[in-house]
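One structure below.
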Amino acid sequence: MLRGKNILLRNLSIEDASTDYLSWLNDYETVKYTESRHTIHTMESLKNFIAHVNNDSNYCFAITDIQSGKHVGNIKIGNIHPIYKYADVGLIIGDKNYWGKGIATEAIRLCVDYAFKQLKLHRLYAGIYDLNIGSIKAFEKAGFVREGCEKEKYLFEGKRIDSYVYGIVNESVE
């Protein structure tokens, strides 16, 4: 478990498969800047995802509010490259009551600390739709910098949009 000021990150488990979690995944406003928006999720598909998400190259954490114990989102360190020591970071704050409260930034910081100190990774990166201002702000506040732009990478609501690549490097690991 990773403890912050307001949140706790713990391994996502099958017990987290709830109707609330499922409703996040099927709420367009919540997932519109993710590739999950193309899928209709069921309880079965959610449980299958949870059962297989944590493995040697992925760590998926439930973001829980320390005060209430409520599961409010997830964050993942994924596709860890065993030789080059890099991975991607992706997150969702599913409970809209927690939007705009700094939860994403805190979760990202906790993940960076874990990835660099415990997993000894050298670099983390995230791909962010250019329209996703909330994620851009959260990653920048957590120390990520914009490294590039993938022009017109995605089709979003009938229009081509760019994807920004954000990254952060662990200066203490080769």
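Among the strands (runs of 3 or more DSSP E) confined wholly to the range 5-108, which include 1 or more residues that are more than 20 Å from Leu131 (Cβ to Cβ), among the acidic types (Asp, Glu) and in contact with a His (Cβ under 9 Å, 6 or more places away or on another chain)? Steps first, answer last, please.
Values: elements: 7-11, 59-65, 71-78, 86-93.
By residue number, 59-65.
Considering only residues that are open to solvent by less than 70 Å² (accessible area, probe 1.4 Å) and within 12 Å of the chain's Cα centre (by Cα), which ones fall in the range 104-115?
Correct list: Ala104, Thr105, Glu106, Ala107, Ile108, Leu110, Cys111, Val112.
May I ask you to say which residue of Lys101, Lys85 is surrounded by fewer than 16 Cβ atoms within 10 Å (Cβ to Cβ) and not aliphatic (A, V, I, L, M)?
Numbers: Lys85 fails: surrounded by fewer than 16 Cβ atoms within 10 Å (Cβ to Cβ).
The match here is Lys101.
Taking His71 as the residue in question, decide whether it is open to solvent by less than 60 Å² (accessible area, probe 1.4 Å), farther than 21 Å from Ala126 by Cβ, at pLDDT 95 or above and not basic (Lys, Arg). Break it down into steps so the answer makes sense when it comes.
Details: open to solvent by less than 60 Å² (accessible area, probe 1.4 Å): yes; farther than 21 Å from Ala126 by Cβ: yes; at pLDDT 95 or above: yes; not basic (Lys, Arg): yes.
Yes, satisfied.
Those residues that are among the polar types (S, T, N, Q) and either surrounded by 16 or more Cβ atoms within 10 Å (Cβ to Cβ) or under 22 Å from the mean Cα position of the chain (by Cα) (or both), I need them from the range 149-174; list them, please.
Of the range 149-174, the ones among the polar types (S, T, N, Q) are 163, 170, 172.
Result: Ser163, Asn170.
Can you pull out every residue in the range 50-80 that is free of Cβ contacts under 8 Å to residues at least 24 places away in the same chain and either touching a Ser or Thr at 6+ places or on another chain (Cβ under 9 Å) or of a type in the set (Asp, Glu) (or both)?
Once the filter is applied, which keeps residues that are free of Cβ contacts under 8 Å to residues at least 24 places away in the same chain and either touching a Ser or Thr at 6+ places or on another chain (Cβ under 9 Å) or of a type in the set (Asp, Glu) (or both), the range 50-80 yields Gly78, Asn79.
For residues that are under 26 Å from Leu119 (Cβ atoms) and without any contact (Cβ under 8 Å) to a residue 24 or more places away in the chain, scanning just the range 1-35, find the one that is most open to solvent (accessible area, probe 1.4 Å).
Within the range 1-35, the match that is most open to solvent (accessible area, probe 1.4 Å) is Met1.
Can you say whether Lys76 is of a type in the set (D, E, K, R), within 15 Å of the chain's Cα centre (by Cα) and open to solvent by 30 Å² or more (accessible area, probe 1.4 Å), as far as the supplied structure shows? Spell out the reasoning first.
On the way: of a type in the set (D, E, K, R): yes; within 15 Å of the chain's Cα centre (by Cα): yes; open to solvent by 30 Å² or more (accessible area, probe 1.4 Å): yes.
The answer is yes for Lys76.
Kindly provide the set of residues from the range 135-148 that are open to solvent by less than 40 Å² (accessible area, probe 1.4 Å) and assigned to a strand (DSSP E or B), ordered by number.
Within the range 135-148, just Gly148 meets the criteria.
Evaluate the range 116-134: report whether one residue or more is at pLDDT 95 or above, of a type outside the set (Asp, Glu), buried (at least 21 other Cβ atoms within 10 Å of the Cβ) and assigned to a helix (DSSP H, G or I).
Scanning the range 116-134, I find no residue that is at pLDDT 95 or above, of a type outside the set (Asp, Glu), buried (at least 21 other Cβ atoms within 10 Å of the Cβ) and assigned to a helix (DSSP H, G or I), so the answer is no.
With the structure loaded, tell me whether Ile50 is more than 19 Å from Gln118 (Cβ to Cβ) and touching a Cys at 6+ places or on another chain (Cβ under 9 Å) or whether it fails that test.
Taking the combined requirement at face value, the residue satisfies it.
The values are calculated or read from the model by the stated rules, or taken from the named source; none is laboratory data. Bear in mind the structure is a predicted one, so any value in this text is a computation, not a measurement. Note: ideal-geometry Cβ built from the backbone for every residue, glycine included; neighbour counts use all protein chains shown. Heads up: the accessible areas ignore ligands, DNA and RNA and are worked out on the full protein's heavy atoms, side chains in. Shrake-Rupley method; radii C 1.70, N 1.55, O 1.52, S 1.80 Å.
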